[in-house]
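The values are calculated or read from the model by the stated rules, or taken from the named source; none is laboratory data. Remember, predicted model here, so these are calculated numbers, not experimental data. Quick reminder, even Gly has a Cβ in these numbers, built from the backbone with ideal geometry, and neighbours come from all protein chains shown.
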Amino acid sequence: MGHSRDVTGEDWAMDFDVDATFGDDYLYFYAESTDAGRSDDDAAEILGRLDLPPGSRILDVPCGPGRISRRLASAGHEVTGVDLSAPYIAMAEAEPVGPNGHVSYLRGDMRELPVPGPFDAVVCWFTSFGYHDDDDCRRVLAEFHRVLRPGGTVVIETMHHDGVVRHFTSAPDATVLRRGEDAQVDLSRFDPLTGRMATDRTVYRDGVVRHSSHFIRLPTPPEWSQWLEGAGFHGVRCSAGGGGPLELDSWVMVVEATA
């Protein structure tokens, strides 16, 4: 497991342990944020933003355990979910889907999607973009464009750069997420030159201590426009999570664009 415990070094927390970051601890500590009620709300927001007719083809990437995919499918759409994690794909496939739609799952990398398209929409939800260097982030957006039909829509939920910076808790202070007697402790730093937040994470769960590290790139709205237009999109629009105008203090941002 790659991680850094030296919070003073220049390369602090720049290793990325994907399996540890998005493994069972992730599902455990973010269970409240991804429960049935929150998932219903997320799916309703996505459907409202897309406003697609029944039977539309939607790509959900990364789909995780399929919480969004199966709800979009149950709303009458033909959904494909893609995720890098084999355990997540297995979990998604084990969940039932309503009778009004169809969902299929594939294991694959966002940077080289294992699907040809064309899709009517690509959904990237729950801060699932930015876990690569800038070149690969742009490659992801190019892949989104490749699999969309002309006029199709990409919708990306992410953290708003400015809102994060304004309310950022920087190491040596920590952000702590508790669940019962267990805790997830994040020591983070934000590099203003790269727009990247690096996090050194310690999990205390069931008497066991685990360490990991990860980073996320948070483009500003102008960068989002530049990157998406560079990938072939137009009509880039940014709004606050849940709807409404994006404000300086908005923590969650939704980015939409047309292929």
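In the set Val236, Val155, which member is within 18 Å of the chain's Cα centre (by Cα), assigned by TED's automatic domain parsing to the domain that holds Asp60 and β-branched (Val, Ile, Thr)?
Values: Val236 fails: within 18 Å of the chain's Cα centre (by Cα).
Being within 18 Å of the chain's Cα centre (by Cα), assigned by TED's automatic domain parsing to the domain that holds Asp60 and β-branched (Val, Ile, Thr) holds for just one of Val236, Val155, which is Val155.
In this structure, does Gly101 turn out to be modelled with pLDDT under 95 and over 20 Å from the mean Cα position of the chain (by Cα)?
So Gly101 passes the test.
Could you please give the count of residues in region 146-156 that are surrounded by 21 or more Cβ atoms within 10 Å (Cβ to Cβ) and within 20 Å of Arg217 (Cα to Cα)?
2
Which residues, counting only those in region 109-132, are of a type in the set (D, E, K, R) and more than 15 Å from the chain's Cα centre (by Cα)?
If the condition is that a residue be of a type in the set (D, E, K, R) and more than 15 Å from the chain's Cα centre (by Cα), then Glu112, Asp120 are the ones that fit.
Are there strands (runs of 3 or more DSSP E) fully within region 102-206 with at least 2 residues that are closer than 26 Å to Pro54 by Cβ? List them.
Passing ranges, in order: 102-107, 119-124, 148-159.
Could you tell me whether region 218-225 includes any residue that is assigned to a strand (DSSP E or B) and at pLDDT 95 or above? Walk me through how you get there before you give the answer.
Let us first name the residues in region 218-225 that are assigned to a strand (DSSP E or B), namely none.
Within region 218-225, not a single residue is assigned to a strand (DSSP E or B) and at pLDDT 95 or above.
A quick yes/no check of all residues on (1) surrounded by fewer than 14 Cβ atoms within 10 Å (Cβ to Cβ); (2) part of a loop (DSSP other than H, G, I, E, B); (3) at positive phi; (4) free of Cβ contacts under 8 Å to residues at least 24 places away in the same chain:
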| position | (1), (2), (3), (4) |
| --- | --- |
| Arg210 | no, no, no, no |
| Gly232 | no, yes, yes, no |
| Ser239 | no, no, no, yes |
| Gly244 | yes, yes, yes, yes |
| Glu256 | no, no, no, no |
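Can you report the number of residues in region 45-67 which are in a helix (DSSP H, G or I) and farther than 19 Å from Pro99 by Cβ?
Residues of region 45-67 in a helix (DSSP H, G or I): 45-50, 67.
In the following step, the residues that additionally are farther than 19 Å from Pro99 by Cβ were identified as 45-46, 48-50.
Result for region 45-67: 5.
If Asp134 satisfies all but one of (1) surrounded by 14 or more Cβ atoms within 10 Å (Cβ to Cβ); (2) within 23 Å of Pro192 (Cα to Cα); (3) at pLDDT 95 or above; (4) not assigned by TED's automatic domain parsing to the domain that holds Val61, what's the number of the condition it fails?
(4)
State whether the residues of region 219-226 include one that is more than 19 Å from the chain's Cα centre (by Cα), exposed (fewer than 15 other Cβ atoms within 10 Å of the Cβ) and in contact (Cβ under 8 Å) with a residue 12 or more places away in the chain.
Within region 219-226, not a single residue is more than 19 Å from the chain's Cα centre (by Cα), exposed (fewer than 15 other Cβ atoms within 10 Å of the Cβ) and in contact (Cβ under 8 Å) with a residue 12 or more places away in the chain.
Looking only at residues in region 114-128 that are buried (at least 23 other Cβ atoms within 10 Å of the Cβ) and aliphatic (A, V, I, L, M), which one is farthest from Val61 (Cα to Cα)?
My answer is Ala121.
Would you pick out the residues in region 1-28 that are surrounded by fewer than 13 Cβ atoms within 10 Å (Cβ to Cβ), assigned to a loop (DSSP other than H, G, I, E, B) and at pLDDT 75 or above?
none
Suppose we filter Arg57, Arg107, Arg49, Arg71 for residues that are basic (Lys, Arg), at pLDDT 95 or above and under 20 Å from Asp24 (Cβ atoms); which single one remains?
On inspection, the qualifying residue turns out to be Arg107.
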